[in-house]
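Trainee: Can you keep this structure in mind? I'll have questions shortly.
No lab work stands behind these numbers, since they all come straight from the coordinates. Just so it is clear, the structure is predicted and the values come from calculations on it, not from any experiment. Every residue, glycine as well, gets a Cβ built from its backbone with ideal geometry; the counts of neighbours run over all protein chains shown.
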C-alpha cells in the first residue's frame, strides 16, 4: 500500500484583501485554515464579492474535520457563510475572531447553525489525524494566531498574518518562544505571510501611530475625526487612549464601527471608560476641541461615514473648517482614485487632513522583509511555501527563503489550488485542484462568469442598441416603423436624426434581404457599420424581428 | 472708464495627467498657456479623453492672439487639436514640443492647418498687449519651458512643470538666473506646479536613475527590457547611454516609442549612435546579454508593448527566464491594479522585475516641497496661485507659499475656471467661467454627460432587461408571448426558468392593467420587484408595448 501523503493546498488569494484559504489533508482528515473573501477588482463589473472555489472541499467533505480561522479580517473569514451552507464541520477561533465571524453568520441567517468552538493561542487540539497547536501573532487586529499542524509526515506551520511588534497596543507580542520551540522540534514546511515582501526593513510598531495621534490631538483646535477599518480594534483603542490623554470624548460613528466596538468591548478587547464614549447626537453640544470621532471610510467607500461627511451627505456630522481628519490606513491598490477624491473633498470643506503621505498615522499589520527573514530563521523549515500575497509577493518571498538558506528546490511558489505533496522521500507538486475566482453577485454564486462580464464591459463602454422590426408572418411585410431602445450609447434627446437614419438603414437592410424573418444578422452588420461610422462607438447591437 | 484688469483663469487639471490650461487676458489680448487632456477616471465609463471646457476661449476668440505650449506631454498639449478646430491663433512651442504637437495634429488631419511657431527658451515675444519671455525648466521631457508675461498691470510667471535637477540627462538646468532676475524685477503673480506638494524634501536627480540602470544592465545575464513613457526622451537616452556603456544594442519597440525616438533623434534631442540601434526582428540573432529593449507599458495599458509581452501576446518579443524587466515610472493613481497585474504576469514568465518599490529606476519630473519653496523664494511674487495638481495639492502648495512669506490673503487656491482679477488696487476673485470636464467619446465631444454615464453605470453593474409585448391595437389582446432581450444580467443559458417566470409576471401585469397600451410602468414595477426578489440584482428594465 502506498505511503499516506500530507497534501498542502493553498487556495490562495490576491492582494492584501485576498480570498485566503489553505487546505491540509492527511489520511482521512481535511483541515481548512481560513476561508476569506476578496473584494472585486475594477474589471469585475457588478460583482459583489469573490470567494474561493470550494469544489475540492465539497468533494472531500466527509474528510473535513475542522476549520481554523486565524483572525477576524474578512479576507480570512468572510467566505465562511458560503462554505458553511455546503459543508458541516466545527469552526475554531479565538474569542474576538469568533465574535466577528458571528456578526457575519448573523447577516446570512446562519447564527446558531454553525458549530463554533472558542480556542486560545495556548490550546492543543486533536483534529482527526492532525494534532494542532496555535501561537499568538501581532497583526492589525487583536487575537490573531498562527497554526502548527502535526501529522505522521511532520510538522507544518502556518503563520496567519503577522508582524513582530515589540510594543503593540494590546501588549501581546508575537510568540517568538513558541516559534523557536517549533523550529527546535523540526518543521517540515512553513507557510508564511508574503504581503509585504516588497518592503525592505522592519514594519514600524503601532506605538509610532500613538505618538502621531497624540501630536495631532494636542495641536488640533477643533474636532479630530479618525477613520480606520471597523475591524482595526487596536487603532480604535489608540483613538480612545489619545482622547482620554487629551481630554476629549469619543463618538463612534457608522453601523459596522458601532457594532465592532460594542462587541470588542463586551469581549474585553477594547477598554473604553464609560464617561469617554459619546453619542453622535451629543457631539454638537460640546466645544469642538473636546470631541473626537472614530468612523470608517479610509478606502473612499461611497457608503462609509467619512465619505458621506466629505460629500456633505452625512446626516449627523458636517465637516467644518478647523476639523482635523485622519485617514489611518493606506489605500488598497484599486482604491486610490476614490481615496484621492475623498481627500480633495475634505480639503474643499476646509479640514486639515492627515494621511499616510503626510504623517505616520498608519503602520502596516504585516511583516516587512527583515521580519520575514526572522520568521524563517526561527522556524527553520525544511520546505517553504510563501502564501498570502499576489504572485510577485510570493516570488520575492521565495527568494528571501533562499537567501536565508532554504535550498531553491525546497521553495514552492504556487497559486490557486496547486497541491504540494509530502512523503518520506520529500516534497513534490501534486494535482492542480479548482482554485479560481468564484463571483458572488446578489443571490448568484458562480453564475456570473466570462460571458456576463464581457457583456457588462461592452455595455459599460458604449451601451446597447436594441432594434425591433415587426413583420406580417403571412407576407413578410413590415408593419409600422422599427422601434429603437438604446441606453448608454448617445444622449437620446439630441440624437433624433441619428435614430431616424438608423431606422432607414434597418428598413433598407430588411428590404434587401430575402428572408425577412431571418434578417437579424444582416441588420446587426449594417447597423454596426452605420453607427460606428457616425459615432466611432460600438454599442451592443441586438436586432429582433417579430412576426405577427 | 474703468481701469483695464489682468485676468488669470486656471482652467485647471486633476492629477499628474490633468487637462492643464491657463488663460491670461488683458485689454484686447487673450493668451492661452497649455491645452492638455486628461485620461478618464475609472467611473467615466467608455469615455476616451477629457478635455478642458473651451467655452470662454471660443466666446473671446477675437481676442485670442497666441497659444503657448510649455512642454510635450499630452496633459499640456493633447487637447490642442480639439481647440484648433474651433479657433484660429498662432501656437508657440520649442522644437521638441512642436514635434510632438505635430504628431498629434497629424493624427487629427490638422497638420499644416495650424500656424505653429518655433521658439527657444531665450526668446522674447510680443503678443498683443503682453510681452512674453521664457525660461528653460528641467522636467521628465527635454525642451520644457516656463513663461513670463508682462502687461501694464505687472509681471505674471507660469512655471510650466519643473524640478531643480543639477545633473539632468541633457545637461540643461532649470534657469535659476532668469528666475532670480524676474524676481528682482518684481513679480505680480506666480503660478507654480503643485504636483508633488505632498512630497517632502527634494526630488532626486535623473542621475540616480542612470546609476540604477548601470547596476541592472551590468548584472543582467540576459536581455534588459526597459519600459517608460514614449515621451520620456531623457529616459530613452539613459537606456541608450547605459547600453553603449555595457556593450548592448537597443531595439525600440512599439509604434509611439518608435515615432518619438525617430523625431527626437532628427531634432537632435536624442543621441543614438547608428550602430547601437537594432531592429526588433534582429533581437533573436544576438546573444541575450547583448540586447536591450525600450518600450511603453509602465501604466499597464492593455495595448502597450510591455503588457502584450507580459500576456504572451507580443508578436516579436517573448519574455523568457533570464530577462530583466524595468518599469521606469510610478503608477498614476487609478492604474495600480493594471500595473500590479502586469508585474505578476512578468514574474510568472520568470523575468526579474525592477520597479519603483524595489529599485531607484524612476524619479519624478516634478519639484518636491523644498524645491517648490525655492521657486517661490526666487520669484518672490506678490500673489501666488498654485496650479497643476488635484485640489489637495493646491491647498498644500498654498500653505507652503504662506510658510515662505506670502500673506494668506494673497494666495489663491482656485479650480476649474475661477477667474482672478488684478488691478492697481490689488487682486480679487472674479467670475467663474465654464471650467468643468468635457468628455470625448469617439466622434462625440461633450454629448456624453451625466445621463449617459449613469446609464452606463447601471448597465455595468447588472445589465439590462428589455421585454416586448405585442398587442392588437383594435381589441388590446396580447399576440404571442412576451419577448425578452437581456445581457449582462444573468447567464441566459442557465436562466430559462427565470425567463419563463418573468414572462408570466409580465402577462399577469398586462392582464391586470386596464390600458394595455400604457402598461409600460406597471410592467417595469412588477418586473423590477420580481427580478430583485429572485436575484438581488437590479438590471435596467425597459418594457415596450407594440400595437399592431
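Trainee: If you take every DSSP beta bridge fully contained in the range B:450-547, what fraction is antiparallel? Give it as a percent rounded to 5.
Mentor: Looking only at bridges with both residues in the range B:450-547, the antiparallel portion is about 45 percent.
Trainee: Label-to-label distances across copies for residue B:152, with labels 7 Å out along Cα→Cβ, in nm, shortest first?
Mentor: Values, ascending and in nm: 10.1.
Trainee: Put the label 7 Å from Cα along Cα→Cβ for residue A:108; what are its distances to the other copies, in nanometres, shortest first?
Mentor: Spacings between copies for this position, smallest first, are 5.4 nm.
Trainee: For the range A:408-483 and the range B:314-392, what is the separation of their C-alpha centers, rounded to whole Å?
Mentor: 33 Å
Trainee: Taking a quarter of the surface of the convex hull around the Cα atoms of chain B, what do you get in nm²?
Mentor: 32.4 nm²
Trainee: Describe numerically, in nm with one decimal, the distance between label points set 7 Å from Cα along Cα→Cβ at residue A:425 and at residue A:117.
Mentor: That separation, rounded to one decimal, is 3.6 nm.
Trainee: In addition: Once you sort the root eigenvalues of the Cα gyration tensor of the range B:207-354 as a ≥ b ≥ c, which label holds: rounded (a/c under 1.5), prolate (a/b larger than b/c) or oblate (the other case)?
Mentor: Because its axes are fairly even, with a/c under 1.5, the range B:207-354 counts as rounded.
Trainee: For chain B, give me the percentage of DSSP beta bridges that are antiparallel, rounded to the nearest 5 percent.
Mentor: 50 percent
Trainee: Which whole number gives the average count of other chain Cβ atoms within 10 Å of the Cβ atoms across peptide A:463-472?
Mentor: 4
Trainee: Tell me the distances, shortest first, between residue B:208 and the same position across the other copies, using label points 7 Å along Cα→Cβ, in nm to one decimal.
Mentor: Distances between equivalent label points, in nm: 1.8.
Trainee: Starting from the eigenvalues of the Cα gyration tensor, five times each then square-rooted, give me the equivalent ellipsoid semi-axes of the range B:450-547, largest first, whole Å.
Mentor: 24, 15, 11
Trainee: Here's a follow-up. What Kirkwood Rh does the range B:337-447 have if only Cα atoms enter the pairwise 1/r average? Answer in Å.
Mentor: Taking every pair of different Cα atoms in the range B:337-447, averaging 1/r and inverting gives 18.0 Å.
Trainee: For chain B, what is the calculated [θ] at 222 nm in deg cm²/dmol (nearest 500), taking -39500 (n - 2.57) for each run of four or more DSSP H residues and dividing by its residue count?
Mentor: Computed ellipticity for chain B at 222 nm equals -9000 deg cm²/dmol.
Trainee: How high is the relative contact order of chain A, in percent, with contacts defined as C-alpha pairs under 8 Å that are six or more residues apart?
Mentor: 15 percent
Trainee: Using a ≥ b ≥ c from the Cα gyration tensor of the range B:53-133 (square roots of the eigenvalues), is it rounded, prolate or oblate, where a/c under 1.5 gives rounded and otherwise the larger of a/b and b/c decides, a/b for prolate?
Mentor: Since a/c reaches 1.5 but b/c is at least a/b, the shape of the range B:53-133 is classed as oblate.
Trainee: Mean 1/r over all different Cα pairs, inverted: what Kirkwood radius does the range B:1-135 give, in Å?
Mentor: 15.3 Å
Trainee: Under the Kirkwood approximation for Rh and a Cα-based Rg, what ratio Rg/Rh is obtained for the range B:23-82?
Mentor: Computed over Cα atoms, the ratio is 1.05.
Trainee: Also, I was wondering about something else. Helix B:233-245 versus the longest principal axis of chain B: what is the Cα-based angle in degrees, 0 to 90, to the nearest 10?
Mentor: Helix B:233-245 sits at roughly 70 degrees to that axis.
Trainee: Let me check against my output: what whole-number percent is the relative contact order of the range A:215-354, with C-alpha pairs under 8 Å and at least 6 apart?
Mentor: 32 percent
Trainee: Taking every pair of Cα atoms in the range B:123-199, average 1/r, invert it to obtain the Kirkwood radius, and report Rg/Rh to two decimals.
Mentor: Dividing the radius of gyration by the Kirkwood radius yields 0.99.
Trainee: Round to the nearest 10 and give me the degree value, 0 to 90, for the angle of helix B:95-107's Cα axis relative to the longest principal axis of chain B.
Mentor: 20 degrees
Trainee: To continue, here is another question. Can you work out D for the range A:80-127 in µm² s⁻¹ from Stokes-Einstein, where Rh is the Kirkwood radius over C-alpha pairs, the temperature is 20 °C and the viscosity is 1.002 mPa s?
Mentor: D, rounded to a whole number, is 190 µm²/s.
Trainee: Rounded to whole Å and sorted largest first, what semi-axes of the equivalent ellipsoid does the C-alpha gyration tensor of the protein assembly as shown yield via the square root of 5 times each eigenvalue?
Mentor: 48, 42, 33
Trainee: Okay, moving on. Can you tell me the orientation of helix B:450-462 relative to chain B, as the angle in degrees between its alpha-carbon axis and the longest Cα principal axis, to the nearest 10?
Mentor: 60 degrees
Trainee: Right, next: When the convex hull of the C-alpha atoms of the range B:324-371 is computed, what volume per residue in Å³ does it have?
Mentor: Given the Cα convex hull of the range B:324-371, per-residue volume reads 75 Å³.
Trainee: To continue, here is another question. Classify the range B:67-195 as rounded, prolate or oblate from the Cα gyration tensor: take a ≥ b ≥ c as the square roots of its eigenvalues, call it rounded if a/c is under 1.5, otherwise prolate when a/b beats b/c and oblate if not.
Mentor: Cα axes put the range B:67-195 in the oblate bin.
Trainee: Report the rotationally averaged projected area of the range A:181-227 based on its alpha-carbon convex hull, in square nanometres.
Mentor: Taking a quarter of the hull surface, the average projection is 6.2 nm².
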